[in-house]
Amino acid sequence: MKKIITLLIFSLCFISCNKSEKKIAYNATQETGIKCSENGCQGLYEGAEFINGSDIAHQFSNKMSNVVGNKLKELYNSKKYKKVDFSKIDMTTQGMGSGHVIYKLSIPFISVQEKCNAYTSFDHVGGWNHSPALSERELQLKKALMKDHKLNISDLKTTPEGLQEYWIQWKNKKVQFDCK
């Protein structure tokens, strides 16, 4: 009887633990709330600005860059040729400097007629209360470029609270290999 009770308790704990892990994973994705369409991607990070000295809120730019790059590739493969409209990128960082921030980011796309005018890779270099290291980032991304191609870099985008970002797009070597 003791073995059966022990087994039941263990089983309940296991089921309970599995359910709570799923809930945690779900909440983590909700925290960033990134949504994309053919017209662009929008997202929100709300939470701690820094954890153990690391600028957690600014890492939302990394997540958004990854999602935008994937969406551009998906659209390209569907013969919907797009690029990011740098002039209409919108960033807000309400609460920056307080420890709790609401970072909203909108990255709009524009259509292009020719597939080789599209961009299928996207990244950023930024600073949370400091200037972005653009030259270093350009050197890092140089190896991602096809021969004789260049990075397309936005003007410096800033929020009143001090977030500074350069947004960067280029033709992905594997996806746009035939765009010489």
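The values are calculated or read from the model by the stated rules, or taken from the named source; none is laboratory data. Note that this is a predicted model, so its numbers are computed, not measured. We place every Cβ from the backbone using ideal geometry, glycine too, and count neighbours over all the protein chains shown. When the accessible area is computed, the model is the full protein with side chains, heavy atoms only, and any ligands, DNA or RNA have been set aside. Shrake-Rupley method; radii C 1.70, N 1.55, O 1.52, S 1.80 Å.
Below are the figures for this structure:
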| read-out | value |
| --- | --- |
| Size descriptor, Kirkwood hydrodynamic radius, that averages inverse alpha-carbon separations across segment 55-111, Å | 12.7 |
| Rg/Rg_globular for segment 138-180, with Rg_globular taken as 2.2 N^0.38 Å and Rg from C-alpha atoms | 1.45 |
| Largest-first ordering by accessible area, 1.4 Å probe, given options Cys116, Cys41 | Cys116, Cys41 |
| Neighbour net charge for Lys157 - beta-carbon separation under 11 angstrom, K R +1, D E -1 | -2 |
| Cα-based equivalent ellipsoid, segment 36-180: semi-axes from gyration tensor eigenvalues, Å | 28, 17, 12 |
| Gap separating the Cα centres of segment 118-180 and segment 41-109, nearest whole Å | 14 |
| Anchor Lys104: aspartates and glutamates whose Cα lies under 16 Å away (excluding residues fewer than 8 positions away in-chain) | Glu31, Glu46, Glu49, Asp55, Asp90, Glu161, Glu165 |
| Nitroxide proxy distance, nm - points 7 Å out along Cα→Cβ at Glu138 and Gln94 | 3.6 |
| Principal axis dimensions, segment 73-137 - Cα atoms, whole angstrom, descending | 45, 27, 19 |
| Rounded to the nearest 10 Å², the accessible area of Asp155 at probe 1.4 Å | 120 |
| At R0 = 22 Å, FRET efficiency that the Cβ-Cβ distance of Asn152 and Ile56 yields, to 0.05 | 0.20 |
| Exceeding the 18 Å Cα-Cα cut-off - candidates Lys88/Lys147; Lys80/Lys157; Lys83/Lys150; Lys80/Lys142; Lys142/Lys171 | Lys88/Lys147; Lys80/Lys157; Lys80/Lys142 |
| Whether segment 101-180 is rounded, prolate or oblate, judged on the alpha carbon gyration tensor where a/c under 1.5 counts as rounded | oblate |
| Inter-label distance for Asn77 and Glu114, nm, one decimal - labels placed 7 Å from Cα along Cα-to-Cβ | 2.5 |
